[in-house]
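Here is the structure we will look at.
The values are calculated or read from the model by the stated rules, or taken from the named source; none is laboratory data. For clarity, every value in this text was computed on a predicted model and none was experimentally measured. Here the Cβ positions follow ideal geometry from the backbone for every residue, glycine too, while neighbour counts run over all protein chains shown. Protein only, heavy atoms only, side chains kept; ligands, DNA and RNA dropped before computing areas. Shrake-Rupley method; radii C 1.70, N 1.55, O 1.52, S 1.80 Å.
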Amino acid sequence: MRHAISTTEDSVAARVGMVGAGQLARMSLAPATALGIDLHLLAEADSDSAAQIARRVTIGDHRRPDDLLAFAKGVDVVTFDHELVAPEHLEALAAEGHVLRPAPASKRFAQDKRHQRERLGALGLPLPAFATVAAATEVEHFAEANGWPVVVKAARGGYDGRGVWVMDSSAEVAARWPECTAAGALLVEAFVTIERELAVLVARRPGGQAAVYLITETVQADGICHELLVPARVTPGRAAEATELGLRIAEIVDVAGVMAVELFETTDGLVINELACRPHNSGHWTIEGAATSQFANHLRAVLDWPLGSTALMADAAVTVNVLGPPDGVDPRDRLPAALALDGVSVHLYGKAARPGRKLGHVTVLGDDLADALSRARHAAALLTGEATS
Ligand SMILES: Nc1ncnc2c1ncn2[C@@H]1O[C@H](COP(=O)(O)OP(=O)(O)OP(=O)(O)O)[C@@H](O)[C@H]1O
Ligand SMILES: [Mg+2]
């Protein structure tokens, strides 16, 4: 492991260690700086999104217990920018007396889709029909009972639609089964006819004090989140129901820090998709759009400090993700064109442009959701080269 040069820590309010140095860690750096928090990162490489700009970076491997332990020793509290640290390694850190927020048992709800489904299902919360599966024939039996298509998911390690397979027939299951089993433990669930996808973002302190943001509407394509609309275009009753569900799940999970619950709105009501125990893509609008961003509230929550207001700062906030375009255009080269638009906040993550990769996002606030959406889409299209003026 390599440690970055360390200077005096006398003036530091707190030392937070974040395992992972992707864009979520990168966007945590500004609020950490504002609050005088020393944010230490465990990065895989100098080139990681947040490692490029952070001062306290340890290069190490989150799969190695020794690297995790050495990293934890240098900070007051350990938190995460991803879900990938093995549960047994988290338990080992906690057993050594390190403060993990969220705690390993909370994190498991986000790390293991089987665990999440089983625990929330046992409490009677709304989930799609599901089953754990170990063989293609079990998927077929599930489909016979619940109908095609079905959705096979990796219990662990999936993101941005990787580890999610929609299957239409036995033939498709047979053809894709090797790819599925390579992803480890699996579950299958009923394909939900989704009217709209929503996310509830909750920040919660260890003692239980919680702050919830306005419900976010998320627009996905090919398993990847493309757009965020706030307020979500749902009835007040549905928004209240989603808020209540998010807060209830935060209690059940006993999360410390920010948690996002992804929901499907169907004609029959809300269904839980999955949850994340960390700042989440669905909360990127909060940087400009909320009085306190998800990144600031995550730091405050893991330090057990008072949470900030989650109030929306305009009538509407829209975020559009900037995904690497197929022709390899690099949004960094198009930045001035997007910045020339009025009222557009651009965030680029310092990642090399690859097709489909999340390279940044733009946020627009306004007094009208449709207008903010069209301006944000325009800015994103300028960055990806899909628009030239
Ligand atoms: N049971 C389902 N029925 C219909 N669509 C589904 C179902 N499960 C997932 N999807 C679709 O696939 C997307 C990705 O699924 P999911 O959120 O489980 O995967 P993920 O790759 O872990 O996502 P993330 O990038 O949010 O971590 C969902 O946002 C939704 O659009
Ligand atoms: Mg998801």
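Within segment 228-254, the residues that satisfy the criterion of being outside any helix (DSSP H, G or I) and either at pLDDT below 95 or touching a strand residue (DSSP E or B) at 6+ places or on another chain (Cβ under 9 Å) (or both) are LEU228, LEU229, VAL230, PRO231, ALA232, ARG233, VAL234, ASP254. Restricting segment 181-198 to residues that are over 21 Å from the mean Cα position of the chain (by Cα) and of a type in the set (Gly, Ala, Ser) leaves a set whose member that is most open to solvent (accessible area, probe 1.4 Å) is ALA182. Of the residues contained in segment 316-336, one or more are found to be under 21 Å from the mean Cα position of the chain (by Cα), farther than 24 Å from VAL77 by Cβ and open to solvent by 20 Å² or more (accessible area, probe 1.4 Å). Summed over segment 256-293, residues that are within 16 Å of ligand 2 (Cβ to nearest atom) and not hydroxyl-bearing (Ser, Thr, Tyr) total 22. When segment 48-75 is filtered for residues that are more than 27 Å from ARG357 (Cα to Cα) and surrounded by 18 or more Cβ atoms within 10 Å (Cβ to Cβ), the ones remaining, listed by number, are ASP67, LEU68, PHE71, ALA72, VAL75.
What is the residue count in segment 157-169 for residues that are out of contact with any strand residue (DSSP E or B) (no Cβ under 9 Å at 6 or more places or on another chain) and either within 15 Å of ligand 1 (Cβ to nearest atom) or open to solvent by 50 Å² or more (accessible area, probe 1.4 Å) (or both)? Residues in segment 157-169 being out of contact with any strand residue (DSSP E or B) (no Cβ under 9 Å at 6 or more places or on another chain) and either within 15 Å of ligand 1 (Cβ to nearest atom) or open to solvent by 50 Å² or more (accessible area, probe 1.4 Å) (or both): 2 in total. Does any residue of segment 243-263 turn out to be crowded, with 18+ Cβ neighbours inside 10 Å, closer than 22 Å to LEU303 by Cα, within 12 Å of ligand 1 (Cβ to nearest atom) and in contact (Cβ under 8 Å) with a residue 60 or more places away in the chain? Yes - at least one qualifying residue is present in segment 243-263.
Scanning segment 268-304 for residues that are more than 13 Å from ligand 1 (Cβ to nearest atom) and either open to solvent by 10 Å² or more (accessible area, probe 1.4 Å) or not in a loop (DSSP other than H, G, I, E, B) (or both) yields a total of 22. Cβ-Cβ distances below 9 Å connect the following pairs, each with a first residue in segment 124-135 that is modelled with pLDDT of 95 or more, a second residue that is assigned to a loop (DSSP other than H, G, I, E, B), and a separation of six or more residues or different chains: PRO126/ASP268; PRO128/PHE191; PRO128/VAL192; THR132/ALA155; THR132/ALA185; ALA134/ALA185.
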